[in-house]
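**Student:** What follows is a structure written as structure tokens; I'll ask about it next.
Read-outs throughout are calculated quantities, based only on the coordinates presented, and are distinct from any laboratory measurement. What you see is a predicted model, and the numbers here were worked out from it, not measured in a lab. Virtual Cβ from ideal backbone geometry, glycine too; neighbours counted across all protein chains shown.
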Amino acid sequence: MPSFHVASLLLLFFCQQLSAYSNLASDNWMHHAGDVAVDADTSAPGWRALNFGISWEGQGIRNWERAWLRQEALIPEELRGKSLFCEFRLLAQSVELYFNGRSLGRVEGSMQRARFYLPRGEIIWGRRNSIALKVDGHQWSGGVPTDYFVLLCEGQPLPDVTIGADFEKADHVIADGSSVTLSGAIALEGVDGIAGTLRLRLENDFHQVLLDRSQPFEMEAEGAEWSIGPGRLPPGFYRLSVQFDSPLVHSQKLASFAVEPENIPSTPSPEPDAAAYWQRARAELATVAPDFVLIEEPEKSTERHKVYTVQMQSLDGVTLRGWYVVPRAASGPCPAVLDLPGYGFAWQPEYVMGEDDVIHLALDIRGQGRSADVVRPGFGMPGQVHHNVLEPEKYFYRQAYMDCGRALEFLHSRPEVDKARVAVSGSSQGGGLAFASAALFPDMVAYCVAAVPYLGNFGEHIRLREVYEWEMRQYLEITGQSGRWPELVRTMNYVDTMNLAASIRCPVLMMSALLDDDCPPRIGFAVYNLLEGRKEYKIFPESAHIIGEEGDAYSRDWLRRQFGLADE
């Protein structure tokens with residue numbers, strides 16, 4: 001996780017350094033997977049539009065493989081004689097830049113910022129020039145658009161156009177979708193006026209284009225305003241792009257928003273024998289003696305917290321391990337949180353320290369962290385999500401849900417824990433585990449926090465995130481079982497938290513991020529909208545799959561209120 005945040009900070013720094021200039025290149029590219037000729041016709045089959053302001057996965061484009069990007073950039077005659085350069089950074093293993101068919105160089109490594117000057121003798125002044133990028137190993141971003149590409153004129157600031165978008169609510173939630181109007185301001189600096197084209201494009205989270213309009217647009221020095229009235233929008237999630245293009249500048253604003261998310265229809269698809277399936281799982285867990293072992297860890301402990309390793313036995317002969325963090329200042333039974341891990345995440349005790357009146361158990365489920373010595377399918381392809389997916393009684397997440405139940409039993413066995421104030425909390429996979437724990441072990445869970453939760457609404461998730469279905473089908477193909485897709489879906493229906501939602505009785509906080517590629521907000525609301533008890537949601541409009549400290553603080557404060565520990 002630290003490398004992800006470093007990348008974001010570096011990108012922010014680079015963009016700030018370039019903000020005094022305007023971009024002669026557009027954010028609109030054409031993308032082609034695999035090898036093609038550098039001068040290939042982008043109107044041919046296989047080419048599709050790609051916007052650099054949006055993560056690749058957010059546009060239904062897979063990462064990892066080789067890809068070619070192309071655009072045609074107009075270089076104005078008035079810049080003749082000036083030094084022009086391209087500067088870019090892509091989250092990829094390597095990128096090679098071509099200008100009018102000639103390679104200008106290659107850069108290796110996803111953290112490398114590259115600058116290449118255009119050879120003046122090869123610039124076609126006053127006309128469009130071809131820019132191409134050969135990209136190898138484009139990487140996951142979680143939804144944050146970390147790529148950038150600019151074509152600039154050295155030493156000569158050009159007109160600067162800044163586009164804004166206004167929303168009535170800070171979370172970009174529109175409460176009434178019956179008549180939607182979107183608007184914002186456009187600021188202009190560097191010239192007294194400019195003419196170009198304004199393009200407004202609206203699409204939903206299924207990548208369906210609902211509106212795409214272009215019109216001539218002129219601005220004076222004081223700037224201008226834009227507005228669009230798409231009218232009736234059904235409950236759901238949307239992305240708007242506002243682009244201004246002229247010979248001297250290209251600028252865009254992207255804005256994601258939600259319309260009546262709590263009214264999005266949610267239709268469970270449980271297997272007919274789902275109740276018996278989970279009854280068997282819990283009965284199987286009951287036959288395994290927990291053998292709880294608590295080992296003090298003096299080197300991990302601090303002046304404020306005692307740290308222990310806790311060990312316990314779960315299904316399949318797996319020894320589960322977790323960090324048990326107990327405040328030294330605690331007096332009497334304390335509330336406790338079972339912290340559940342994201343996909344591939346390994347806990348450290350310092351991750352759950354900070355409170356002097358709440359106990360934390362940071363659990364490594366099977367296959368992760370210190371619990372990966374017996375079952376360790378890994379996190380690639382195939383990996384955890386595919387492990388025994390065609391064997392419902394042995395599927396990874398069936399067993400992992402039982403791991404969470406065993407950890408709850410441990411908390412309820414401890415005299416220092418207030419059994420009436422035990423919560424489950426997690427993000428991503430951990431959010432799905434939190435939902436499942438609250439559903440399958442309702443008598444042991446008093447509160448539930450699920451951030452950007454996974455494992456909800458499998459049927460729609462594979463439509464929203466195309467790479468998810470591709471990975472599942474690739475697994476079947478690799479293992480020679482391509483015809484068993486219906487069986488895979490059956491297994492996923494068992495563990496789908498949407499199909500478990502009716503059993504959740506405790507108060508719930510769910511948090512979603514509008515830029516999230518991995519666990520789009522719709523799949524979380526598929527569970528949330530079926531909850532019948534007390535519930536609350538929080539949407540972060542500018543965040544992606546890793547919400548970060550703001551989400552951590554919000555969930556911590558929510559739990560403290562539920563525990564009766566809210567600060568005065």
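**Student:** By average Cβ neighbour count within 10 Å, what is the ranking of 417-429, 458-470 from highest down?
**Tutor:** Those peptides, ordered most packed to least, come out 417-429, 458-470.
**Student:** Suppose every Lys and Arg Cβ carries +1 and every Asp and Glu Cβ carries -1, with no other charges. What dipole size does the stretch 60-160 come out with about its Cα centre, to the nearest 20 debye?
**Tutor:** With Lys and Arg at +1 and Asp and Glu at -1, about 200 debye.
**Student:** Now, a different point. Using Cα-Cα distances under 8 Å and only pairs 6 or more residues apart, what relative contact order does the chain have, in percent?
**Tutor:** Relative contact order, the chain: 11 percent.
**Student:** While we're looking at this one, here's another question. Kindly express, to the nearest 10 degrees and within the range 0 to 90, the angle between helix 485-495's C-alpha long axis and the longest C-alpha principal axis of the chain.
**Tutor:** So the inclination is approximately 60 degrees.
**Student:** Give me the dipole magnitude in Debye, nearest 20, for the stretch 329-563 about the Cα centre, with unit charges on the beta carbon: positive for Lys and Arg, negative for Asp and Glu.
**Tutor:** That gives a dipole near 600 debye.
**Student:** I want to check a number: in the chain, how many lysine pairs have alpha carbons closer than 29 Å, given a sequence separation of 8 or more or different chains?
**Tutor:** So the count of such lysine pairs works out to 11.
**Student:** To continue, here is another question. Treating the angle as unsigned and between 0 and 90°, give the value, to the nearest 10°, between the Cα long axis of helix 466-478 and the longest Cα principal axis of the chain.
**Tutor:** Computed tilt is about 70 degrees.
**Student:** Among Gly223, Ala185, Tyr238, pick out the residue whose Cα is farthest towards the positive end of the charge dipole of the stretch 159-263, where Lys and Arg carry +1 and Asp and Glu carry -1 on C-beta, about the Cα centre.
**Tutor:** Tyr238
**Student:** Could I ask something else about it? Tell me, what is a quarter of the convex hull surface for the C-alpha atoms of the stretch 180-309, in nm² with one decimal?
**Tutor:** 18.0
**Student:** What residue among Cys519, Ser251, Ala420 has its Cα farthest toward the positive end of the dipole of the chain, where the charges are +1 on Lys, Arg and -1 on Asp, Glu, each on the Cβ?
**Tutor:** Cys519
**Student:** What residue among Gln93, Pro145, Ile75 has its Cα farthest toward the positive end of the dipole of the stretch 67-145, where the charges are +1 on Lys, Arg and -1 on Asp, Glu, each on the Cβ?
**Tutor:** Positive-most Cα among the choices belongs to Ile75.
**Student:** Measuring from centroid to centroid over Cα atoms, what is the spacing of the stretch 170-206 and the stretch 509-568 in Å?
**Tutor:** Distance between centres, Cα-based: 27 Å.
**Student:** Between the alpha-carbon centers of the stretch 366-421 and the stretch 120-167, tell me the distance in whole angstrom.
**Tutor:** Distance between centres, Cα-based: 45 Å.
**Student:** Here is a follow-up. For P(r) over Cα pairs in 10 Å bins from 0, in percent, one of (i) 3, 16, 25, 23, 17, 11, 5, 1, 0; (ii) 3, 16, 26, 28, 18, 6, 1, 0; (iii) 3, 15, 22, 20, 15, 11, 7, 4, 2, 0, 0 was computed from the structure I shared and the rest are decoys. Which label?
**Tutor:** Entry (i).
**Student:** Give me the dipole magnitude in Debye, nearest 20, for the chain about the Cα centre, with unit charges on the beta carbon: positive for Lys and Arg, negative for Asp and Glu.
**Tutor:** 900
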